[in-house]
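The values are calculated or read from the model by the stated rules, or taken from the named source; none is laboratory data. Since this is a predicted model, take the numbers as computed values, not measurements. Because the Cβ atoms are built from the backbone with ideal geometry, glycine has one as well, and the counts that use them run over all protein chains shown.
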Amino acid sequence: MRTNTNIKTLPPRGKRTYESRTRRPSFARSIKPAVKIETRGVNLDSELTVKFAALGGLEEVGRNMMFFEYGDEIIIIDAGLQFPEETTPGIDFIIPNTSYFENKKKNIRALIITHGHLDHIGAVPYIMDKIGNPPIYTTMLNKEMLNRRQEEFQNAPKLNFEIVKNGETRQLSENFKVEFFSTAHTIPDSIGVILDTPVGKMVHPGDFRIDYDIEGNPQNMDTWEKIGKQKIHTLLLESTGADKEGHSLSERIVEAEIEKIFKKVEGRIIIATFASLLNRLSEIIKIAEKYNRKIFISGFSMKANIQIAQNLGYMKIKKETVAPLEEINKYRDDKIVVLCTGAQGESNASLMRIINGEHKQIQIKKGDTVLLSSSVIPGNERSVQILLDDIARQGGIIYHSRMVDIHSSGHAPQEDLKIIMKMVKPKFYTPVHGYYFMRWRNAQLAQESLKLKP
């Protein structure tokens with residue numbers, strides 16, 4: 001049974017945030033979230049053992065946070081939040097339990113952020129004072145997204161950043177060195193890590209997939225080839241897509257399917273997706289420009305993220321493309337595209353307010369075409385079904401990813417996971433990120449592909 005207690009720092013705008021009490025590292029049991037990594041000739045009970053633990057993400061989807069520890073040195077990777085489930089009514093989100101670090105703040109040498117999705121960065125404003133505000137190693141886009149989020153927390157400490165790029169190596173502490181590499185995901189500037197430890201190299205790409213062109217050819221595989229030549233000790237791959245067969249769907253196919261809808265629709269187009277799905281949003285905006293439609297952005301986080309991406313050059317948007325929401329009634333329906341948050345049926349997101357008639361500028365009307373360009377996060381199935389029902393009742397024409405290929409997951413499915421396993425050829429394999437069944441399936445794939453014993 002999951003129990004949550006209210007944390008002392010109140011979040012902005014009245015959000016109810018809870019710190020998980022379900023994930024405290026226990027280094028004694030190797031098959032639990034925390035494990036000791038064997039060192040040749042070293043007593044496993046010694047403090048000079050490389051330890052690995054996850055504070056979230058190993059019994060749920062989200063709340064991703066894990067760390068490596070050796071002596072008095074700790075390296076943390078990611079600090080995300082988890083969205084509520086049916087078993088957590090009245091809670092807006094859950095953050096990792098960081099009580100293990102209460103007497104070890106001085107030992108934390110770095111927090112590495114792999115990418116800018118909330119399930120990997122969302123807990124940062126809540127925990128930085130609890131972990132001693134260590135330097136954050138990440139890319140420029142992730143830095144800007146973290147800083148924008150930090151602005152909502154007046155009493156939060158100023159973040160200290162070390163900006164890294166693909167191929168760079170940093171000495172994090174006496175015994176930990178890291179090399180960063182670019183990864184394919186649904187948001188630009190995503191990075192993976194090759195963490196050099198006293199027992200060998202640990203590889204974790206964060207959330208990732210293999211990108212394919214429209215003919216199905218994998219792209220940018222040279223990085224994985226180089227990693228495979230480094231005699232990797234342990235490979236840690238995410239498990240979110242481990243129960244899904246096949247390869248990742250090419251983003252080029254998704255773009256083509258969305259464009260087909262644009263070509264035939266005569267009324268308004270409303271597209272709901274994640275606020276941080278920046279690669280997809282960029283392509284949708286290009287399609288809208290091609291068909292001479294105006295873009296109207298509804299959702300504070302989406303608007304802020306698009307602006308950050310523009311400022312850093314990740315999005316090229318014509319000056320006249322985006323119009324203020326307040327001017328939407330000045331344009332014909334066949335000239336309107338609304339980008340909004342809320343594809344998971346979140347009660348406070350833009351799409352739900354549009355459907356409920358609570359949005360100031362937009363309401364669903366007969367003939368509107370609504371695209372849900374995202375997958376359903378496990379636990380949100382009922383909320384999304386209610387969303388679909390309400391849109392249909394109001395005369396909206398619905399497209400979602402089970403009907404047509406308008407979404408490609410950012411999480412590698414089975415065949416992609418097996419490709420990476422075989423290319424890296426690690427001595428050990430650790431499935432991370434996801435429910436137990438997902439990680440169990442991931443472990444099975446490793447046993448099949450690498451012939452590793454559990």
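Can you tell me which of Ile95, Ile112, Ile91, Ile108 is of a type outside the set (Lys, Arg), farther than 16 Å from Arg149 by Cβ and either in contact with a helix residue (DSSP H, G or I) (Cβ under 9 Å, 6 or more places away or on another chain) or not assigned by TED's automatic domain parsing to the domain that holds Arg209 (or both)? Result of the check over Ile95, Ile112, Ile91, Ile108: Ile108. Across the stretch 282-296, which residue is surrounded by the fewest Cβ atoms within 10 Å (Cβ to Cβ) among those that are among the hydrophobic types (A, V, I, L, M, F, W, C) and more than 15 Å from Gly313 (Cβ to Cβ)? The qualifying residue surrounded by the fewest Cβ atoms within 10 Å (Cβ to Cβ) is Ile287. When each of Arg13, Arg24, Arg2, Arg29 is tested for being at pLDDT below 70 and touching a helix residue (DSSP H, G or I) at 6+ places or on another chain (Cβ under 8 Å), the lone residue that passes is Arg24. Residues of the stretch 319-362 that are in a loop (DSSP other than H, G, I, E, B) and either touching a His at 6+ places or on another chain (Cβ under 6 Å) or acidic (Asp, Glu) (or both): Glu320, Glu346, Glu358.
Among the residues of the stretch 113-126, those identified as closer than 12 Å to Ile76 by Cα and in contact with a strand residue (DSSP E or B) (Cβ under 7 Å, 6 or more places away or on another chain) are Ile113, Thr114.
Of all the criteria given as (1) free of Cβ contacts under 8 Å to residues at least 60 places away in the same chain; (2) farther than 29 Å from Thr88 by Cβ, the one not satisfied by Asp389 is (2).
Somewhere in the stretch 166-174, is a residue in contact with a Phe, Trp or Tyr (Cβ under 7 Å, 6 or more places away or on another chain), assigned by TED's automatic domain parsing to the domain that holds Glu60 and closer than 18 Å to Ala53 by Cα? Within the stretch 166-174, not a single residue is in contact with a Phe, Trp or Tyr (Cβ under 7 Å, 6 or more places away or on another chain), assigned by TED's automatic domain parsing to the domain that holds Glu60 and closer than 18 Å to Ala53 by Cα. Highlighted here are the strands (runs of 3 or more DSSP E) found entirely within the stretch 163-223 that include at least 1 residues which are touching a helix residue (DSSP H, G or I) at 6+ places or on another chain (Cβ under 9 Å): 177-182, 191-197, 200-204. Each residue in the stretch 239-257 was checked for being more than 19 Å from Arg402 (Cβ to Cβ), crowded, with 17+ Cβ neighbours inside 10 Å and out of contact with any strand residue (DSSP E or B) (no Cβ under 6 Å at 6 or more places or on another chain), and 1 pass.
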